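Peer 1: Next up is a structure, given as structure tokens.
The values are calculated or read from the model by the stated rules, or taken from the named source; none is laboratory data. Please read all numbers here as calculations on a predicted model, not as lab measurements. Counting neighbours? That spans all protein chains shown, and the Cβs are built from the backbone with ideal geometry, glycine included.
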Amino acid sequence: MRRLGKTRRTVRTAGTGSTGKTARTGKTAETGTKGLRAVAAACAAVLAVLSAPVAQAHGGHGNPHWALKDTGSTSVRFRGLSAVDRHTAWVSGTQGTVLRTADGGASWRNVSPPGAADLQFRDIEAFDARRAVVLAIGEGEASRVYRTDDGGVTWTESFRNTDAKAFYDCLTFFDRRHGLAVSDPVDGRFRILSTDDGGRSWKVLPDAGMPAALDGEAGFAASGQCLVSAGPKDVWLATGGAARARVLHSADRGLTWTAADTPVPAGDPARGVFALAFRDRAHGLVVGGDYRADQPSPRSAAATGDAGRSWRPATTAPPAYRSGVTWLPHSRTAALAVGPTGTDLTTDGGRTWRTLDTGSYDTVDCAAGLGCWAAGERGRVARLES
């Protein structure tokens, strides 16, 4: 979408639980089970504190809170974020910037692709500490995809858009090989790009199974979460800018799609659904609103329990526009939403939300082990800590 100055979903694979993150390898089944139990216990303890009165959760020693990490990049706005675990995360943003940390945010390595200073990297999907795929957005050749296999030491440009009518917004991966990227409508339909080799090569999918776009409809490149996946084949696309804000769903990796209206207000180029999160193929959340600071954003969140065929509005929504959302690890009911005016928590699957923090963030992501991170303007990156 050409609005907003232009927006991640997370790497997903079957059988990874509510986080959708790529499964780690190299552990025995026994060690993995013990580790999972410990992680689940830790997450439950943190969730108990997060669910306490807001006054407790706002800070104070021993309470979970966003702890800012110094990235040294105060002129960069990070809208791309991929949490690998509590120690490792990747962020991407303006000025062609990509950063990576492997020590919990204590230090950051600038691993930006060379010659990319004019690009805006709005989405990044990391498979682990060494392998990642990053999407640059924009009209024509500004939309590009790069991949690294050595922690950002070197990058390979694997796709450059040559269609002046295309504008790519977000990308997502089902597993380490299969992924999709989405462009705003071209000739009346959203365009889907597909890879089956981990982002090393891409092809445009046929659009015969894509419903016609509404007048003015597009995706928001605000957080890298306008295209998300769950399991081996299901993927969802969030839209705005038209008379209705919709979510499109495909159960066959982008070949055929169905569309459903959401209760999130639209009817303006600045309004619609900005971000999606699914903890499995049935249960999902949307957040959005009107990104203009002087405009209200009523009904800024909704939830589904039927894979996106229908959406119910939150009874108590976030108080303002939200651009990013993620489920908390190992929870069936808790999620975080972020935006320029704060962070909100739901503990009932999206029915009600309450504000936890008033710091400005554009995107949020959680990995197993409560590796939750947020990123935004002025080089802001934070990790959830207690």
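Peer 1: Here is a check on your reading of the model: is Glu157 among the charged types (D, E, K, R), touching a Lys or Arg at 6+ places or on another chain (Cβ under 7 Å) and either surrounded by 16 or more Cβ atoms within 10 Å (Cβ to Cβ) or closer than 24 Å to Glu217 by Cα (or both)?
Peer 2: On the way: among the charged types (D, E, K, R): yes; touching a Lys or Arg at 6+ places or on another chain (Cβ under 7 Å): yes; either surrounded by 16 or more Cβ atoms within 10 Å (Cβ to Cβ) or closer than 24 Å to Glu217 by Cα (or both): no.
Spelling it out, it is not the case that Glu157 is among the charged types (D, E, K, R), touching a Lys or Arg at 6+ places or on another chain (Cβ under 7 Å) and either surrounded by 16 or more Cβ atoms within 10 Å (Cβ to Cβ) or closer than 24 Å to Glu217 by Cα (or both).
Peer 1: Within the set of pairs 6+ apart or on separate chains, which have a first residue in the range 236-263 that is within 11 Å of Val286 (Cβ to Cβ) and assigned to a strand (DSSP E or B), a second that is modelled with pLDDT under 95 and not β-branched (Val, Ile, Thr), and C-beta atoms under 8 Å apart?
Peer 2: Gly240/Met1
Let's see how each residue does on (1) among the hydroxyl-bearing types (Ser, Thr, Tyr); (2) in a loop (DSSP other than H, G, I, E, B); (3) buried (at least 24 other Cβ atoms within 10 Å of the Cβ):
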{"residue": "Gly272", "(1), (2), (3)": "no, no, yes"}
{"residue": "Ala275", "(1), (2), (3)": "no, no, yes"}
{"residue": "Gly289", "(1), (2), (3)": "no, no, yes"}
{"residue": "Ala293", "(1), (2), (3)": "no, yes, no"}
{"residue": "Ser331", "(1), (2), (3)": "yes, yes, no"}
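Peer 1: Please go through the range 310-329 and give me each residue that is under 15 Å from Val264 (Cα atoms) and either surrounded by fewer than 21 Cβ atoms within 10 Å (Cβ to Cβ) or in contact with a His (Cβ under 9 Å, 6 or more places away or on another chain) (or both), ordered by number.
Peer 2: If the condition is that a residue be under 15 Å from Val264 (Cα atoms) and either surrounded by fewer than 21 Cβ atoms within 10 Å (Cβ to Cβ) or in contact with a His (Cβ under 9 Å, 6 or more places away or on another chain) (or both), then Ser310, Arg312, Pro313, Thr315, Thr316, Pro319, Ala320 are the ones that fit.
Peer 1: Take Ala259 and tell me if it is out of contact with any helix residue (DSSP H, G or I) (no Cβ under 9 Å at 6 or more places or on another chain) and surrounded by 24 or more Cβ atoms within 10 Å (Cβ to Cβ). Quick ask: steps written out before the conclusion?
Peer 2: Working: out of contact with any helix residue (DSSP H, G or I) (no Cβ under 9 Å at 6 or more places or on another chain): yes; surrounded by 24 or more Cβ atoms within 10 Å (Cβ to Cβ): no.
When the stated conditions are applied, Ala259 does not pass them.
Peer 1: Whether any residue in the range 333-350 is closer than 28 Å to Leu214 by Cβ and assigned to a loop (DSSP other than H, G, I, E, B) is what I want to check. Walk me through it before giving the result.
Peer 2: Kept after step one, since they are closer than 28 Å to Leu214 by Cβ, are these residues of the range 333-350: 335, 337-340, 350.
Filter once more, keeping what is assigned to a loop (DSSP other than H, G, I, E, B): 340, 350.
Among the residues of the range 333-350, at least one is closer than 28 Å to Leu214 by Cβ and assigned to a loop (DSSP other than H, G, I, E, B), which makes the answer yes.
Peer 1: Whether any residue in the range 361-374 is modelled with pLDDT of 95 or more and surrounded by fewer than 19 Cβ atoms within 10 Å (Cβ to Cβ) is what I want to check.
Peer 2: No, the range 361-374 contains no residue that is modelled with pLDDT of 95 or more and surrounded by fewer than 19 Cβ atoms within 10 Å (Cβ to Cβ).
Peer 1: Somewhere in the range 137-154, is a residue β-branched (Val, Ile, Thr), in contact with a helix residue (DSSP H, G or I) (Cβ under 9 Å, 6 or more places away or on another chain), more than 20 Å from Gly254 (Cα to Cα) and not in a strand (DSSP E or B)? Steps first, please.
Peer 2: Within the range 137-154, the first condition is being β-branched (Val, Ile, Thr), and the residues that meet it are 137, 145, 148, 153-154.
Next, from what is left, pick out any that are in contact with a helix residue (DSSP H, G or I) (Cβ under 9 Å, 6 or more places away or on another chain): none.
So far as the range 137-154 goes, no, none of its residues is β-branched (Val, Ile, Thr), in contact with a helix residue (DSSP H, G or I) (Cβ under 9 Å, 6 or more places away or on another chain), more than 20 Å from Gly254 (Cα to Cα) and not in a strand (DSSP E or B).
Peer 1: With basic (Lys, Arg), assigned to a loop (DSSP other than H, G, I, E, B), more than 18 Å from the chain's Cα centre (by Cα) and over 20 Å from Ala282 (Cβ atoms) as the only criterion, which of Arg309, Arg299 stands out? Walk me through how you get there before you give the answer.
Peer 2: Numbers: Arg309 fails: over 20 Å from Ala282 (Cβ atoms).
Among Arg309, Arg299, only Arg299 is basic (Lys, Arg), assigned to a loop (DSSP other than H, G, I, E, B), more than 18 Å from the chain's Cα centre (by Cα) and over 20 Å from Ala282 (Cβ atoms).
Residue-by-condition table, conditions (1) within 20 Å of Gly324 (Cα to Cα); (2) among the hydroxyl-bearing types (Ser, Thr, Tyr); (3) at pLDDT 95 or above:
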{"position": "Gly62", "(1), (2), (3)": "no, no, no"}
{"position": "Leu81", "(1), (2), (3)": "yes, no, yes"}
{"position": "Val84", "(1), (2), (3)": "yes, no, yes"}
{"position": "Thr88", "(1), (2), (3)": "yes, yes, yes"}
{"position": "Ala102", "(1), (2), (3)": "no, no, yes"}
{"position": "Pro114", "(1), (2), (3)": "no, no, yes"}
{"position": "Thr154", "(1), (2), (3)": "no, yes, yes"}
{"position": "Asp163", "(1), (2), (3)": "no, no, yes"}
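Peer 1: Another question, if that's okay. Take Glu157 and decide whether it is within 27 Å of Thr71 (Cα to Cα) and outside any loop (DSSP other than H, G, I, E, B).
Peer 2: Values: within 27 Å of Thr71 (Cα to Cα): yes; outside any loop (DSSP other than H, G, I, E, B): yes.
Yes; evaluated as a whole, the condition is true for this residue.
Peer 1: Further question on the same structure: Within the range 73-118, take every residue that is surrounded by fewer than 19 Cβ atoms within 10 Å (Cβ to Cβ) and of a type in the set (Gly, Ala, Ser) and give me the one that is nearest to Trp155 (Cα to Cα).
Peer 2: Gly115
Peer 1: Here is a follow-up. Tell me, please, whether a residue that is of a type in the set (Gly, Ala, Ser) and either assigned to a helix (DSSP H, G or I) or under 21 Å from Phe220 (Cα atoms) (or both) can be found in the range 359-370. Full working, then the answer.
Peer 2: Our first condition is that a residue be of a type in the set (Gly, Ala, Ser); within the range 359-370, this holds for 359-360, 367-369.
Next cut, either assigned to a helix (DSSP H, G or I) or under 21 Å from Phe220 (Cα atoms) (or both) only: 360.
For the range 359-370, residues of a type in the set (Gly, Ala, Ser) and either assigned to a helix (DSSP H, G or I) or under 21 Å from Phe220 (Cα atoms) (or both): present.
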